[in-house]
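Enquirer: Would you mind keeping the following structure in view while I ask a few things?
The values are calculated or read from the model by the stated rules, or taken from the named source; none is laboratory data. Only a predicted model underlies this, so the values are computations on that prediction, with no experimental measurement involved. Please note: Cβ atoms are built from the backbone with ideal geometry, for glycine as well, and neighbour counts cover all protein chains shown. Please note that ligands, DNA and RNA were not included when accessible areas were found on the heavy atoms of the full protein model with its side chains. Shrake-Rupley method; radii C 1.70, N 1.55, O 1.52, S 1.80 Å.
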Amino acid sequence: MNLDWICHDPVFETDALSPLFRSESAWRGHLRFGYDFIRNARPATVVELGTHYGASFFSFCQGAKDGSPDTRLHAVDSWEGDFHSGAYGSEVFQLVSRAAALYPQAALHRAAFDEALDAFADGSIDLLHIDGLHTYEAVRRDYESWLPKLAGDGIVLLHDTEVRIADFGVWKLWRELSGQHPAKAFQHSAGLGILAPKGLSATANSLFAEWQSLNRYYADTE
């Protein structure tokens, strides 16, 4: 395993603000990976579609603050909830806003995903994390509408690739996309797919080459 990739004891500043960022998120098992990915890959622009309490977003932000000062991170969410998360009030956005203030590199876009498209130029996003409504139709729409915004060697993360209950359909889209493009996936914490739909970056090549060891490490630290 490439030990240079891993930071074994990251400190998340949001922990002092609220335990909700970890306890309320199915993404909690990927926090270390999210942190390490940003710290190592140093993407210029990160966009997350679907933030809720912000576990994933703030793991990215902490990685940027600790090791990638030029990274800019954008969270896009209505902060009103949806059919899967349930509706919630403005207190969630207020909590996330207080946490975002810890990270000067972070920006919150309170909007529907389609409404935020024009804020980003085509080919400008290095890491796109899709974690909105989880029906097959919704996640496919999110992927297809935002794909033009992805850089030529950009990476897409898809959460909940292992969830096969009710009308969750991310796993169906993942099955299609991972058969067409370079891809790897974690099975723990509801599943997290890593996709290179336009071409492999040096970071993706390194990550995929070490995949067996890294996959085992992150699953064991869930």
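Enquirer: Running Debye on region 160-201 with equal point scatterers at the Cα sites and no solvent, what base-10 log of I(q)/I(0) appears at q = 0.18, 0.21 Å⁻¹?
Expert: -0.48, -0.63
Enquirer: Choose one of 180, 152, 100: the residue whose Cα lies farthest towards the positive end of the charge dipole of region 83-222 (beta-carbon charges +1 Lys, Arg; -1 Asp, Glu; about the Cα centre).
Expert: The Cα lying farthest towards the positive end belongs to 180.
Enquirer: Next question. Over the chain, with the other protein chains present, what is the accessible area per residue in square angstrom, probe 1.4 angstrom?
Expert: Accessible surface, normalised per residue, equals 43 Å².
Enquirer: How long is region 110-222 along each principal axis, judged by its Cα atoms, biggest number first, in Å?
Expert: Principal extents (Cα only, largest first): 39, 37, 27 Å.
Enquirer: Please give the contour-minus-distance gain from residue 87 to residue 122: 0.36 nm per residue of separation, less the Cα-Cα distance, rounded to one decimal in nm.
Expert: 9.4 nm
Enquirer: Taking just the alpha-carbon atoms of region 52-169, what radius of gyration and Dmax come out, in angstrom?
Expert: 14.4, 41
Enquirer: Using the C-alpha gyration tensor of region 127-167, what are the square roots of 5 times its eigenvalues, in whole angstrom, with the largest one first?
Expert: Computed over region 127-167, the values are 21, 11, 6 Å.
Enquirer: When all alpha-carbon pairs of region 46-86 are counted, what percent fall beyond 14 Å?
Expert: Cα-Cα pairs in region 46-86 separated by more than 14 Å: 48 percent.
Enquirer: Placing +1 at every Lys and Arg Cβ and -1 at every Asp and Glu Cβ, with all other atoms neutral, what dipole size does region 107-209 have around its Cα centre, in debye to the nearest 20?
Expert: 320 debye
Enquirer: Over the chain, consider all pairs of different Cα atoms and compute the Kirkwood hydrodynamic radius from their mean reciprocal separation; express it in Å, one decimal.
Expert: 17.3 Å
Enquirer: Now a separate question. Give the cross-link partners of residue 149 among the lysines, using a straight C-alpha distance below 22 Å as the criterion and excluding same-chain residues fewer than 8 apart.
Expert: The qualifying lysines are 184, 198.
Enquirer: Using only alpha carbons, build the gyration tensor for region 11-74 and give me the equivalent ellipsoid semi-axes, biggest first, whole Å.
Expert: Its equivalent ellipsoid spans semi-axes of 19, 12, 10 Å.
Enquirer: Using a simple spin-label model with points 7 Å from Cα along the Cα→Cβ vector, what separation in nm is obtained for residue 114 and residue 16?
Expert: Between residue 114 and residue 16, the label points sit 4.3 nm apart.
Enquirer: Please name whichever of 195, 26, 16 sits farthest to the positive end of the charge dipole of the chain, dipole taken about the Cα centre and charges placed at Cβ: Lys and Arg +1, Asp and Glu -1.
Expert: It is 195.
Enquirer: Can you give the net charge of the other residues whose Cβ lies under 13 Å from the Cβ of residue 92, counting K and R as +1 and D and E as -1?
Expert: -3
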